[in-house]
Amino acid sequence: MHSLLVIANWKMNPPTAKAARSLAAAVASALRGARGIELVIAPPFPYLDAVRRAAPRAKLAAQDAYPLASGPVTGAVSAAMLKDAAVRYTIVGHSERRRLFQESDGFINAKIRALLAAGITPVLAIGEQAQESQAVVPKAIATQLRAGLAGIAARDIARVVVAYEPVWAISTTPGAKPDTPDNATRRAIYIRKLLVQMIGRKRAEGVRIIYGGSVNAKNAATFIARDIRGMEGMLVGGASLKPDEFRVLVRSVAAIKRRV
């Protein structure tokens with residue numbers, strides 16, 4: 001069974017490298033006594049090295065990558081550059097980038113290909129915009145998953161992490177509230193069924209599916225405290241900027257991991 005994956009997505013925070021070093025050390029302290037947890041920190045690009053040095057027990061993630069290896073693309077960072085910076089994971093397809101930068105599924109697919117070629121694990125974020133009845137499976141889930149992974153070899157898709165993060169549940173969305181654990185589990189089961197159709201059962205069983213959207217210390221463990229296989233980790237935003245809360249979050253998830 002996989003370790004539970006906990007990704008701290010700092011977004012455009014904190015404001016200085018000094019603050020990033022301090023935050024990284026504090027966040028990584030959550031691993032003390034927390035077995036079965038793979039902790040990943042995704043800071044802004046300028047802080048990658050500072051975080052790597054401050055939190056050696058955590059793995060490093062980037063929040064984006066550009067598909068081209070090099071060239072006249074002002075402001076872009078390639079997968080090869082990230083690999084050289086010791087990045088192990090990279091988030092792609094986040095709803096904020098889809099909305100703010102009009103990133104298409106095809107562009108996200110190109111990013112995933114580049115990351116896989118560089119030996120970096122893509123974390124593909126998918127999710128619907130508006131909350132729907134729990135009995136209705138949002139079309140966006142299948143559309144974004146299939147388009148994001150289109151044309152990629154099955155053996156490579158098996159290396160991707162899928163993060164289900166409904167836009168309506170993200171803490172920065174007005175009126176946001178987390179999904180229910182039962183519904184999130186249903187979504188995880190549905191996503192895995194789609195993956196089975198795409199790459200076969202054996203490979204699909206190896207793909208980690210994680211949840212994001214208003215995850216905090218009070219609710220994190222409920223998303224994995226399931227009798228059946230559902231979510232296998234968390235993509236944590238705002239709570240990852242609060243060390244005390246994040247420590248409680250990680251340890252609560254680790255406690256569930258020990259019991260299952």
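Some notes on this structure:
- Extension gain from residue 172 to residue 53, taking 0.36 nm per residue of separation minus the Cα-Cα distance: 39.9 nm
- Separation between Cα centres of region 135-160 and region 16-51, rounded to whole Å: 29
- For the pair residue 76 and residue 197 in one chain, pulling the backbone fully straight at 0.36 nm per residue adds 40.1 nm over the alpha carbon distance.
- Positive-end extreme of charge dipole, the chain - chosen from 4, 241, 194 (charges on Cβ): 4
- Counting only DSSP H runs of at least 4 residues, each contributing -39500 (n - 2.57), and dividing by the residue count of the chain, the helix-based mean residue ellipticity at 222 nm comes to -11000 deg cm²/dmol.
- Residue of 23, 145, 68 that the Gaussian network model of the chain assigns the largest fluctuation, springs spanning Cα pairs under 10 Å: 68
- Theoretical FRET efficiency, 1/(1+(r/R0)^6), r = Cβ-Cβ of residue 68 and residue 180, R0 51 Å, to 0.05: 0.80
- For region 9-59: rounded, prolate or oblate by the Cα gyration tensor [a/c cutoff 1.5]: prolate
- GNM remark for the chain: springs join alpha carbons under 10 Å apart, and the peak mean-square fluctuation among 96, 128, 232 falls on 96.
- Magnitude of the charge dipole, the chain, Cβ model with Lys/Arg +1 and Asp/Glu -1, debye to 20: 800
- Inter-centroid distance (Cα atoms) of region 54-77 relative to region 100-119, Å: 12
- Counting Lys and Arg as +1 and Asp and Glu as -1 over every other residue whose Cβ lies under 15 Å from the Cβ of residue 52, the net charge comes to +4.
- Partners of residue 11 within straight-line reach, counting lysines whose Cα lies under 20 Å from its Cα and excluding those fewer than 8 residues away in the same chain: 59, 83, 111, 177, 242.
- Residue of 231, 198, 12 that the Gaussian network model of the chain assigns the largest fluctuation, springs spanning Cα pairs under 10 Å: 12
- Cα-centre dipole for region 45-184 with unit charges at Cβ (Lys and Arg positive, Asp and Glu negative), debye to 20: 460
Every number in this text was worked out from the coordinates using simple rules, so none of it is lab data. From a predicted model like this one, the values you see are computed outputs, not experimental measurements. All Cβ positions, glycine included, derive from the backbone under ideal geometry; neighbour counts span all protein chains shown.
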